[in-house]
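The values are calculated or read from the model by the stated rules, or taken from the named source; none is laboratory data. Worth saying up front: this structure is predicted, and the values here are computed from it rather than measured. For neighbour counting, all protein chains shown are included, and Cβ atoms are generated from backbone atoms with ideal geometry for every residue, glycine included. All accessible areas refer to the heavy atoms of the entire protein, side chains included, with ligands and DNA or RNA removed. Shrake-Rupley method; radii C 1.70, N 1.55, O 1.52, S 1.80 Å.
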Amino acid sequence: MMEENKQVNNENKGSRKLVKCIVCGEIFDSSYEICPVCGVDKSNFIPYVLETTDFKKNTEEYFLILGNGVAGVNAAAAIRERNDTCSIVILSNEPVLCYNRPMLTKSLVTKIEPKEIAVYDKSWYEEHRIINVLSTNLNSINIKDKYVVFDDNKKILYSKCIYALGAECFIPPIKGSDKKEVIAIRRYTDVKKIGELLPSIKNVVVIGGGVLGLEAAWEMKKVGCNVTVLEVADKLMVRQLDNEAGELLGEIIKDADIKFHLNANISKIIGEDKVTGVKLDDGRLFLADLVIISSGVRSNIELAKSAGIEVNRSIIVNEKMETSVSDIYACGDCAEYKGLNYAIWPQAIEMGKVAGANAAGDNLTYEIVPAALTFHGMNTALFSIGDNGKDETLTYATKEIRVDNRNYEKYYFVDNILVGVILIGDTKKMVDMTMAIQEKRTYDKMF
Ligand SMILES: Cc1cc2nc3c(=O)[nH]c(=O)nc-3n(C[C@H](O)[C@H](O)[C@H](O)COP(=O)(O)OP(=O)(O)OC[C@H]3O[C@@H](n4cnc5c(N)ncnc54)[C@H](O)[C@@H]3O)c2cc1C
């Protein structure tokens with residue numbers, strides 16, 4: 001299936017009717033019933049007009065892309081679209097071509113191979129003359145003489161560099177978190193480890209009640225494990241939901257026979273040879289053969305920082321995705337624009353495209369991608385987009401519709417303009433709501 005899709009992705013996009021998946025940001029032919037990348041159905045697709053470019057600047061430059069995630073690969077594609085003669089090298093410490101990272105938690109126990117979820121297959125890179133250097137860890141960047149150095153001291157020169165090293169899972173400093181049966185999911189190798197342990201797993205504790213933690217909890221529940229979610233905050237999905245929606249989600253989780261505990265301060269992960277449980281500060285103990293940590297991510301900024309590139313929590317970029325150092329651009333989970341980094345797939349795609357285009361000499365401006373999330377699991381669906389009352393400096397007007405105890409809608413307005421939406425249960429309005437946020441729809445046009 002993936003092979004066919006990739007061809008559709010790359011052939012004559014301009015002459016076909018296209019759609020964009022609002023879940024993962026992928027663009028493809030409108031005849032598809034499900035998204036070829038993340039697998040959601042067509043209720044998640046919005047019409048898409050492909051912006052083709054006439055910009056061309058053929059040069060002999062060396063474009064070096066650090067990181068082969070979706071940001072890096074989109075940057076590479078944007079460069080080749082504008083420059084037929086340059087060299088493009090993309091490097092990664094992972095041993096495989098760019099793959100669909102969001103699928104990791106959604107296919108946790110299905111033993112999926114990276115090839116099956118590859119964003120593009122090998123022939124796409126050959127066709128676009130993009131060289132992949134895999135299994136190679138980058139060690140430093142010399143911004144003065146414009147080269148990078150690998151762990152084995154080999155160097156590569158660049159004319160323009162795209163820094164797209166993504167992020168890593170944040171592992172809270174919990175005693176016992178270095179044990180083999182404690183896993184944070186970022187790479188396909190993490191999922192592989194869970195697959196290997198699976199036959200001996202009965203009790204699972206997930207540390208973190210955000211969307212990825214809950215996705216993982218549901219996958220483990222589906223294969224018959226006893227699952228407990230421990231969340232340090234006083235609500236679930238604290239970033240995306242408000243109090244009311246968080247409480248409703250809690251009820252839904254209980255109905256799915258998954259236990260969860262809020263305000264859970266972890267004391268330690270216990271077990272001698274193997275993990276046996278997780279202990280809280282208040283003395284409660286939860287049995288576990290596997291602990292999945294899902295406590296957010298941290299941008300990979302260390303190499304940038306040591307090289308003298310300006311960073312905050314992520315690498316600071318302007319609307320062109322330029323960093324503070326000339327000829328170095330940044331994009332994806334490692335970059336922040338106007339202080340924002342949602343660390344989501346569609347944002348990485350958009351930032352990557354803008355970084356690549358501008359590095360190639362074009363003049364694109366990044367438009368902030370709204371923070372959006374969908375969750376399918378626990379016998380429900382959930383959609384959240386935009387600002388759901390999180391900015392203390394703003395005054396919100398809200399409208400709440402409780403259809404029944406499994407279906408819920410909440411709308412946030414600022415100055416009469418829709419800024420955020422939460423849908424639980426029936427999410428078929430999510431495409432319309434994505435467009436409503438983009439269009440800045442007013443209250444009277446909504447109800
Ligand atoms: C399990 C999971 C589920 C997710 N689900 C969703 C979802 O449902 N929806 C959504 O919008 N987003 C989701 N995300 C987030 C989304 O996957 C990321 O926002 C996106 O993949 C970021 O892409 P990137 O290119 O910026 O970085 P990455 O994909 O992290 O790519 C960076 C690459 O650089 C490599 N690298 C790092 N350091 C070095 C080094 N020193 N030397 C060489 N290579 C290096 C890394 O190994 C990696 O291959 C999910 C993420 C995870 C982990």
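Excluding Asp391 itself, what net charge comes from residues whose Cβ is under 14 Å from its Cβ, given Lys and Arg +1 and Asp and Glu -1? Each step should come with its number before you reach the end.
Values: positive: Arg239, Lys338, Lys390; negative: Asp242, Asp387, Glu392, Asp415.
That sum, taken over residues with Cβ under 14 Å, equals -1.
At a 10 angstrom cut-off on C-beta neighbours, averaged per residue, how do the peptides 255-265, 23-33 rank from highest to lowest?
Working: 255-265: 15.5, 23-33: 17.5.
Ranking the peptides 255-265, 23-33 by packing returns 23-33, 255-265.
First compute the accessible area of the range 344-447 with a 1.4 Å probe, then give the percent of it belonging to carbon and sulfur atoms.
Values: 2360 of 4700 Å².
The computed percentage sits at 50.
What ranking do 346-354, 65-73 get when scored by the average of other Cβ atoms within 10 Å per residue, highest first?
Descending packing order for the listed peptides: 65-73, 346-354.
Ranked from highest to lowest mean number of other Cβ atoms within 10 Å per residue, what is the order of the peptides 295-304, 205-214?
Details: 295-304: 19.5, 205-214: 25.5.
My ranking of the peptides, most packed first, is 205-214, 295-304.
Taking Cα centroids, how far is the range 248-270 from the range 94-124 in Å?
Centre-to-centre (Cα) distance: 30 Å.
In the range 279-420, how many lysine pairs have Cα atoms under 16 Å apart, counting only pairs 8 or more places apart or on different chains?
Details: Lys320/Lys338; Lys320/Lys353; Lys390/Lys399; Lys390/Lys410; Lys399/Lys410.
For the range 279-420, the number of qualifying lysine pairs is 5.
What does the charge count near Ser314 come to, summing +1 for each Lys or Arg and -1 for each Asp or Glu among other residues with Cβ under 10 Å from its Cβ? Mind dumping the intermediate values first?
Details: positive: Arg298, Arg313; negative: Asp333, Glu336.
Counting the neighbours of Ser314, the net charge comes to 0.
If you consider only alpha-carbon coordinates, what radius of gyration and Dmax does the range 37-180 have, in Å?
In Å, with Rg to one decimal and Dmax whole: 17.9, 56.
Please give the charge dipole size of the range 224-283, origin at the Cα centre, charges +1 on K and R Cβ atoms and -1 on D and E Cβ atoms. Round to the nearest 20 debye. Each step should come with its number before you reach the end.
On the way: 7 positive and 12 negative charges, 50 e Å.
Approximately 240 debye in magnitude.
No solvent, one uniform scatterer per C-alpha: report log10 I(q)/I(0) for the range 329-447 via the Debye equation at q = 0.13, 0.16, 0.23 1/Å, two decimals.
After summing over all Cα pairs, the log10 values are -0.60, -0.85, -1.27.
Considering only C-alpha atoms, what is the centroid distance from the range 64-81 to the range 197-228, in Å?
34
Can you give me the Rg/Rh ratio for the range 96-204, using Cα atoms for both radii and the Kirkwood formula for Rh?
Details: Rg = 17.7 Å, Rh = 17.0 Å.
Computed over Cα atoms, the ratio is 1.04.
By the scheme Lys and Arg +1, Asp and Glu -1, what is the net charge of all other residues having a beta-carbon under 11 Å from that of Arg406?
Residues close to Arg406 contribute a combined charge of -3.
Return P(r) of the chain (all Cα-Cα pairs; 20 Å bins starting at 0; whole %; ordered from short to long distances).
Spelled out bin by bin, the chain gives 24, 56, 19, 0 percent.
Per residue, how much accessible area does the chain have with a 1.4 Å probe, in Å²? Mind showing how you got there, number by number?
On the way: 20550 Å² over 447 residues.
That works out to 46 Å² per residue.
About the Cα centre of the chain, what is the dipole size in debye to 20, counting +1 per Lys and Arg Cβ and -1 per Asp and Glu Cβ, all else neutral? Working shown, then result.
Working: 55 positive and 63 negative charges, 96 e Å.
Magnitude of the dipole: close to 460 debye.
Please report, largest first and rounded to whole Å, the three semi-axes of the ellipsoid equivalent to the range 85-130, where each semi-axis is the square root of five times an eigenvalue of the C-alpha gyration tensor. Don't skip to the answer; put the middle values down first.
Working: eigenvalues 129, 23, 12 Å².
With the √(5λ) rule applied to the range 85-130, the semi-axes are 25, 11, 8 Å.
Only bridges with both residues in the range 136-292 count here: give the DSSP antiparallel percent, nearest 5.
50
Quick one: what Rg and Dmax do you get for the range 176-230 from the alpha carbons, in Å?
In order Rg, Dmax, the Cα atoms of the range 176-230 give 10.6, 27 Å.
Across bins of 10 angstrom width beginning at 0, how are the C-alpha pair distances of the range 274-406 distributed, in whole percent?
Percent of pairs per bin, in order: 10, 27, 24, 24, 12, 2.
Expressed as a whole percent, how much of the Cα-Cα distance distribution for the range 383-441 exceeds 14 Å? Mind dumping the intermediate values first?
Details: 884 of 1711 pairs.
So the pairs more than 14 Å apart make up 52 percent of the total in the range 383-441.
With a 1.4 Å probe and all protein chains left in place, how much of the accessible area of the range 234-316 comes from carbon and sulfur atoms, in whole percent? Before the final figure, lay out the partial values.
Numbers: 1870 of 4310 Å².
That share works out to 44 percent.
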